[in-house]
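Asks: The structure follows.
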Amino acid sequence: MSTQTSQQTSVTAQRRMPFGRWMAEVGWRHVVGILAVAFAVFPILFIVSASVNPLGTVSSSGLIPKAFSLVHYESLIAGDRGPFLRWYANTVIVCGTVALVQVFLSTLAAYAFSRLRFAGRRIGLLSLLLVMMFPAFLAMIAIYSMASGLGEAIPFLGLDSLPGYIIVLLGGSLGQVWLIKGFFDTVPKELDEAAIIDGCSHWQVFTKILLPTLTPILATTILLALVGVLSEFLLGSIFLTSNDTKTLAVGLYGMLEGDRSNNLGVFAAGSVMIMVPVIILYQFLQRYIVGGSTAGAVKG
Amino acid sequence: MSSPLPPVHRERSTSIPAVLVRIIVLGAVLAVTAFTVPLMIQQQQWMWLAVMVLAAIAIFVIYSTKRFIPGKYLFPGTFFLAVFLITPIILTVGYSFSNYGDGTRGTKEQAVNSIIANSVVQTDDSTWYNMSVATQGDPVEGPFTLFLVDPATGTVYSGDEETELAPVPAADVTVENNYVTEASGYTILESREVNDAYNALQEVAVPVDENSAVRVQGANQAYVGTTLLTYDEAADTITDTQTGAVYTVGTVGDSEYFVNENGERAFSQSWLQNVGWSNYQRLFTDSNIAGQFLAAFAWTLVFALGSVALTFVVGFALALILNDERLKGRRLYRSILLMPYAVPGFIALLVWSNFYNQDFGLINTTLGINVNWLGDPTMAKIAVLLTNLWMGFPYMFIVTTGALQAIPGDVMEAARIDGASRFQTTVKVVTPLLLVAVAPLLVASFAFNFNNFNAIELLTEGGPFLPGEYTRGGTDILISMIYRIAFGGSGADFGFASAVSVALFALTGVLAAIQFRFTSVLEDVN
């Protein structure tokens with residue numbers, strides 16, 4: 001039976017359904033759905049509400065704001081609690097660079113693993129999977145002393161500098177190889193074989209055939225990588241000590257830690273300013289996010 | 001010449017722009033190498049020198065010819081992976097055989113300097129300086145650097161425990177009223193912070209020469225005094241010039257110290273040295289530590305498995321319930337349920353930690369209960385799992401929705417024709433098919449949660465802690481326990497923390513191997 005006819009029958013069935021039957025078949029799904037939505041949304045609601053609550057304390061914040069004021073946003077942008085705009089800019093730089101480079105380098109490697117045949121390919125792929133499973137964080141002491149050593153020779157790349165922080169995060173550059181290789185494998189090989197016969201080099205096959213086909217999915221991968229970097233706060237809190245180099249995660253955490261109960265409003269306002277762009281992007285790319293996260297599963 | 005695909009054609013003659021790009025890039029690499037190598041030699045950064053030179057050679061070999069095509073694509077990512085992921089792991093293994101930690105960071109020479117400098121006493125003709133305290137690290141724990149102004153001449157000096165006092169170029173500092181108020185690369189402590197760090201500052205002694213050192217007096221003064229102790233390099237002993245006591249090198253615990261004639265540790269300073277397997281011995285034979293490790297391991301497994309199971313069950317149930325074509329507003333539900341996935345983790349965790357506040361937290365006030373969420377070990381564990389459920393279920397919901405829609409409709413049709421009820425179809429047909437499809441993701445999610453440091457540290461900071469217990473709190477998983485050992489209150493013990501890390505690396509490797517088998521990734525690579 002085609003889906004169209006099944007939909008039609010179900011719609012007509014629904015119209016004729018008495019309420020009790022409708023409740024048993026469909027209505028309870030709405031009840032569960034609404035409960036799930038409430039569970040999913042209440043912390044977000046709380047953040048928004050706390051951000052417009054002029055008192056800004058834990059005890060005075062609830063799900064519904066008792067008063068409305070933009071005072072926390074104003075004090076953030078004015079820089080009363082630290083150079084918020086600077087942190088924002090730093091975050092954009094770090095997340096943007098790391099996500100772009102990470103996905104680009106992963107894409108390069110994924111192309112080699114998907115399309116080229118060479119000795120050590122299988123072992124390379126498997127050891128990559130293994131290495132990426134090790135939490136880099138455990139080697140933090142070593143990373144710290146390496147970075148401080150590099151900083152002595154080239155201060156530009158040392159501790160407490162954004163470029164230094166960025167290159168350390170680039171250690172995860174091959175993190176997306178498996179995912180992207182999965183996408184490449186779905187593009188028929190005949191396509192690039194034909195292109196090679198037409199006179200394309202391997203680089204042209206890569207840039208002119210594979211990349212355009214997968215642009216939306218790669219964009220989504222970049223977004224997912226971006227949000228991953230956005231949450232990175234551990235290395236950041238060790239590396240970025242001066243106010244001018246902090247990222248939002250480090251800066252806002254420090255602010256909240258300084259006075260947990262009274263800085264909640266400002267923290268919430270900062271959070272809203274981070275969350276809103278991300279949530280909007282997610283809504284736009286929803287279709288691809290679903291596709292992207294299951295691609296690995298389909299591959300097995 | 002090796003072509004990636006069937007060699008039905010020859011590599012085309014390269015275009016002029018391509019050659020130009022190649023020349024420019026290789027030239028840039030050469031320039032950067034030529035610029036950085038002298039700096040690295042000057043600072044004696046041998047490891048970085050090796051990295052730089054090897055990378056430059058590799059770039060030239062791989063990119064200057066038409067050969068090594070896979071290498072051209074693999075090199076950039078592999079370079080970063082090798083330098084910032086694999087090298088640190090190897091270094092960590094090295095540290096695990098040393099006594100690296102607070103008080104043992106430096107060389108023996110630095111330790112001796114520090115011991116001698118600490119024995120300074122004030123004399124009548126001591127020089128006095130106006131002092132500002134600066135740090136490049138933490139304003140409470142240091143390490144501290146002293147910036148001194150000689151009120152007579154206005155000359156500015158600086159030094160720390162390991163660096164001898166030396167004049168500072170005037171361009172690097174701002175001096176107001178004969179005090180240094182700004183120094184490039186340093187944060188100058190405010191007087192309140194100097195007070196907070198008072199005890200630590202009393203221990204600071206900046207060496208001036210062999211017989212004298214600078215010590216701190218009050219909040220903004222420092223003086224040069226002479227040392228009571230002298231070091232005899234030939235005999236490797238330290239002599240007290242007042243009492244005549246002689247201290248020799250002896251082993252206390254697993255490290256060497258200067259000890260008195262009874263073999264007791266005379267000074268707290270030690271130096272970086274090889275301690276063999278003693279860190280591992282301590283991990284596996286010290287019954288307290290081994291017990292903590294096992295307890296943390298058990299909870300780590302519960303936490304990781306529980307998180308995966310909870311998020312999957314909730315996500316899958318929601319996907320089944322909301323994936324009904326008769327349901328209106330499915331897209332809306334999906335959009336809203338996706339939202340928690342878009343909230344950056346650190347924000348979500350910090351906000352949730354406020355919810356659990358016993359007196360003011362949203363959960364207790366809304367439900368009208370008075371549960372001590374983060375103070376009771378069991379409730380804290382439930383709180384951690386509940387929060388992780390919120391953070392993780394949207395992902396599982398998305399994934400299982402996608403997988404459900406990918407299951408062909410005729411499979412369900414066939415089940416129904418065979419007389420299966422809707423429930424039977426779901427349990428016996430849909431679930432097994434779906435599990436096969438998402439098993440690798442469940443495994444990945446398990447691996448992620450196994451080392452999910454943020455979920456613990458940002459929510460409970462490992463707590464609650466039993467009285468007198470500092471290494472492991474009620475919700476500490478292995479990785480956050482290591483963090484506490486390495487950076488915890490009782491002084492950093494990097495050597496031991498590295499040994500625990502290596503043990504956790506090994507454990508992760510074993511788990512990964514089991515998972516590889518389980519998901520048969522190994523057979524499927526193509």
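Asks: Residue by residue through the range A:220-271, note down the ones that are closer than 30 Å to A:P155 by Cβ, touching a helix residue (DSSP H, G or I) at 6+ places or on another chain (Cβ under 7 Å) and outside any helix (DSSP H, G or I).
Replies: Hits for the range A:220-271 are A:S231, A:E232, A:F233, A:L240, A:D244, A:T245, A:K246, A:T247.
Asks: Any chance you could count how many residues in the range B:94-122 are part of a loop (DSSP other than H, G, I, E, B) and either open to solvent by less than 20 Å² (accessible area, probe 1.4 Å) or at pLDDT 75 or above (or both)?
Replies: Total meeting the criteria: 9.
Asks: Looking at A:I217, A:I196, A:I209 in this structure, which one is modelled with pLDDT of 85 or more, among the aliphatic types (A, V, I, L, M), outside any loop (DSSP other than H, G, I, E, B) and in the same structural domain as A:G175 (by TED's automatic domain parsing)?
Replies: A:I196
Asks: Something else: Going through B:G218, B:G225 one at a time, which residue ends up being under 28 Å from B:I188 (Cα atoms), free of Cβ contacts under 8 Å to residues at least 12 places away in the same chain and open to solvent by less than 40 Å² (accessible area, probe 1.4 Å)? Reasoning before the result, please.
Replies: On the way: B:G225 fails: free of Cβ contacts under 8 Å to residues at least 12 places away in the same chain.
On inspection, the qualifying residue turns out to be B:G218.
Asks: Here's something else I'd like to know. Could you look through the range A:128-166, keep only residues that are of a type in the set (V, I, T) and within 7 Å of another protein chain (Cβ to nearest Cβ), and pick out the one that is nearest to B:Y100 (Cα to Cα)?
Replies: Applying the filter and picking the extreme gives A:I141.
Asks: Ok, one more. Mind listing just one residue for me: the one in the range B:80-110 that is aromatic (F, W, Y) and facing chain A (nearest Cβ under 8 Å) and, of those, farthest from B:A34 (Cα to Cα)? Write out each step before concluding.
Replies: Taking the range B:80-110 as the starting set, the residues that turn out to be aromatic (F, W, Y) are B:80, B:84, B:95, B:97, B:100.
Of the ones still in play, those that are also facing chain A (nearest Cβ under 8 Å) are B:80, B:84, B:95, B:100.
On the way: B:F80: 20, B:F84: 22, B:Y95: 32, B:Y100: 34 Å.
Restricting to residues being aromatic (F, W, Y) and facing chain A (nearest Cβ under 8 Å), the top hit is B:Y100.
Asks: B:A152 is checked against (1) among the aliphatic types (A, V, I, L, M); (2) free of Cβ contacts under 8 Å to residues at least 40 places away in the same chain; (3) touching a Ser or Thr at 6+ places or on another chain (Cβ under 8 Å) and fails just one. What number does that condition carry?
Replies: For B:A152, the exception is condition (3).
For every residue, the table says whether it meets (1) at pLDDT 90 or above; (2) open to solvent by less than 40 Å² (accessible area, probe 1.4 Å); (3) over 30 Å from A:Y144 (Cα atoms).
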| site | (1), (2), (3) |
| --- | --- |
| B:P17 | no, no, yes |
| B:P38 | no, no, no |
| B:Q42 | no, no, no |
| B:F79 | yes, no, no |
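Asks: Is at least one residue of the range B:463-472 assigned by TED's automatic domain parsing to the domain that holds B:P377 and open to solvent by less than 10 Å² (accessible area, probe 1.4 Å)?
Replies: Within the range B:463-472, one or more residues are assigned by TED's automatic domain parsing to the domain that holds B:P377 and open to solvent by less than 10 Å² (accessible area, probe 1.4 Å).
Asks: Also: On the basis of being outside any helix (DSSP H, G or I), of a type in the set (V, I, T), closer than 25 Å to B:N211 by Cα and at pLDDT 75 or above, does B:T135 make the cut?
Replies: no
Asks: Can you say whether A:S106 is at pLDDT 75 or above and either buried (at least 19 other Cβ atoms within 10 Å of the Cβ) or in contact with a strand residue (DSSP E or B) (Cβ under 8 Å, 6 or more places away or on another chain) (or both), as far as the supplied structure shows?
Replies: Values: at pLDDT 75 or above: yes; either buried (at least 19 other Cβ atoms within 10 Å of the Cβ) or in contact with a strand residue (DSSP E or B) (Cβ under 8 Å, 6 or more places away or on another chain) (or both): yes.
The answer is yes for A:S106.
Asks: Then there's this: Looking at this structure, is B:T475 more than 30 Å from B:N354 (Cα to Cα) and assigned by TED's automatic domain parsing to the domain that holds B:T378?
Replies: Working: more than 30 Å from B:N354 (Cα to Cα): no; assigned by TED's automatic domain parsing to the domain that holds B:T378: yes.
In short, no.
Asks: Among the residues of the range B:373-387, is any open to solvent by 50 Å² or more (accessible area, probe 1.4 Å), of a type in the set (V, I, T) and at pLDDT 85 or above?
Replies: yes
Asks: Same structure again: Considering only residues of the range B:422-447 that are facing another protein chain (nearest Cβ under 9 Å) and open to solvent by 40 Å² or more (accessible area, probe 1.4 Å), which is nearest to B:G306 (Cα to Cα)?
Replies: B:A444
Asks: Tell me, which helices (runs of 4 or more DSSP H) lie completely within the range B:358-433 with 1 or more residues that are on the phi < 0 side of the Ramachandran plot and touching a Lys or Arg at 6+ places or on another chain (Cβ under 6 Å)? Walk me through how you get there before you give the answer.
Replies: Details: elements: B:362-367, B:377-406, B:409-417.
So the answer is none; nothing clears 1.
Asks: Those residues that are out of contact with any Phe, Trp or Tyr (no Cβ under 7 Å at 6 or more places or on another chain) and assigned to a helix (DSSP H, G or I), I need them from the range B:62-72; list them, please. Explain how you work it out, then say what you get.
Replies: Our first condition is that a residue be out of contact with any Phe, Trp or Tyr (no Cβ under 7 Å at 6 or more places or on another chain); within the range B:62-72, this holds for B:63-69, B:71.
Passing the criteria: B:Y63, B:I69, B:G71.
Asks: One residue is enough: does the range A:171-179 have a residue meeting the conditions assigned to a helix (DSSP H, G or I), free of Cβ contacts under 8 Å to residues at least 60 places away in the same chain, of a type in the set (V, I, T) and at the interface with another protein chain (Cβ under 9 Å from one of its Cβ atoms)?
Replies: No: zero hits.
Asks: Condition test on B:A50, is it in a helix (DSSP H, G or I), more than 9 Å from chain A (Cβ to nearest Cβ) and either within 27 Å of the chain's Cα centre (by Cα) or of a type in the set (K, R) (or both)? Write out each step before concluding.
Replies: Working: in a helix (DSSP H, G or I): yes; more than 9 Å from chain A (Cβ to nearest Cβ): yes; either within 27 Å of the chain's Cα centre (by Cα) or of a type in the set (K, R) (or both): yes.
Here the answer is yes, as B:A50 does meet what is asked.
Asks: Something else about it: It is to be established whether one or more residues within the range B:359-378 are more than 35 Å from the chain's Cα centre (by Cα), under 24 Å from B:G409 (Cβ atoms) and not small (G, A, S).
Replies: No - not one qualifying residue is present in the range B:359-378.
Asks: Counting only residues that are part of a helix (DSSP H, G or I) and farther than 17 Å from B:M47 by Cα, which one in the range A:148-163 is most open to solvent (accessible area, probe 1.4 Å)?
Replies: A:F156
Asks: Now, a different point. Just the residues that are more than 14 Å from A:L234 (Cα to Cα) and either open to solvent by less than 40 Å² (accessible area, probe 1.4 Å) or in contact (Cβ under 8 Å) with a residue 40 or more places away in the chain (or both), please, taken from the range A:134-147.
Replies: A:A142, A:S145, A:M146, A:A147 - these are the residues of the range A:134-147 that are more than 14 Å from A:L234 (Cα to Cα) and either open to solvent by less than 40 Å² (accessible area, probe 1.4 Å) or in contact (Cβ under 8 Å) with a residue 40 or more places away in the chain (or both).
Asks: Give the residue that is surrounded by the fewest Cβ atoms within 10 Å (Cβ to Cβ), with candidates limited to residues of the range B:285-294 that are modelled with pLDDT of 80 or more and of a type in the set (G, A, S).
Replies: Applying the filter and picking the extreme gives B:G291.
Asks: In the range A:53-69, what count of residues is obtained for those that are among the hydrophobic types (A, V, I, L, M, F, W, C) and either without any contact (Cβ under 8 Å) to a residue 40 or more places away in the chain or assigned by TED's automatic domain parsing to the domain that holds A:G251 (or both)? It would help to see each step written out before you state the result.
Replies: To start, the set of residues in the range A:53-69 that are among the hydrophobic types (A, V, I, L, M, F, W, C) comprises A:55, A:58, A:63-64, A:67-68.
Subsequent filtering for residues that are either without any contact (Cβ under 8 Å) to a residue 40 or more places away in the chain or assigned by TED's automatic domain parsing to the domain that holds A:G251 (or both) retains A:63-64, A:67-68.
Of the residues in the range A:53-69, 4 are among the hydrophobic types (A, V, I, L, M, F, W, C) and either without any contact (Cβ under 8 Å) to a residue 40 or more places away in the chain or assigned by TED's automatic domain parsing to the domain that holds A:G251 (or both).
Asks: Something else about it: Report, by residue number, each residue of the range B:240-284 that is among the polar types (S, T, N, Q) and open to solvent by 40 Å² or more (accessible area, probe 1.4 Å).
Replies: The answer is B:T241, B:Q242, B:T243, B:T248, B:T251, B:N262, B:S268, B:N274, B:Q281.
Asks: Name the residues in the range B:295-333 that are within 13 Å of B:M481 (Cβ to Cβ), surrounded by fewer than 19 Cβ atoms within 10 Å (Cβ to Cβ) and not aliphatic (A, V, I, L, M), would you?
Replies: B:F297
Asks: Still on this structure: Any chance the range B:354-369 includes a residue that's out of contact with any strand residue (DSSP E or B) (no Cβ under 8 Å at 6 or more places or on another chain) and away from chain A (no Cβ under 14 Å)?
Replies: Our first condition is that a residue be out of contact with any strand residue (DSSP E or B) (no Cβ under 8 Å at 6 or more places or on another chain); within the range B:354-369, this holds for B:354-369.
Cutting the leftovers down to away from chain A (no Cβ under 14 Å) gives us B:369.
Yes, the range B:354-369 contains a residue that is out of contact with any strand residue (DSSP E or B) (no Cβ under 8 Å at 6 or more places or on another chain) and away from chain A (no Cβ under 14 Å).
Asks: Next up: In the set B:Y231, B:Y247, which member is part of a strand (DSSP E or B), touching a helix residue (DSSP H, G or I) at 6+ places or on another chain (Cβ under 8 Å) and within 20 Å of B:A266 (Cα to Cα)?
Replies: B:Y231
The values are calculated or read from the model by the stated rules, or taken from the named source; none is laboratory data. Computed from a predicted structure; not experimentally measured. All Cβ positions, glycine included, derive from the backbone under ideal geometry; neighbour counts span all protein chains shown. Just the protein is used for accessible areas: all its heavy atoms, side chains included, with ligands, DNA and RNA removed. Shrake-Rupley method; radii C 1.70, N 1.55, O 1.52, S 1.80 Å.
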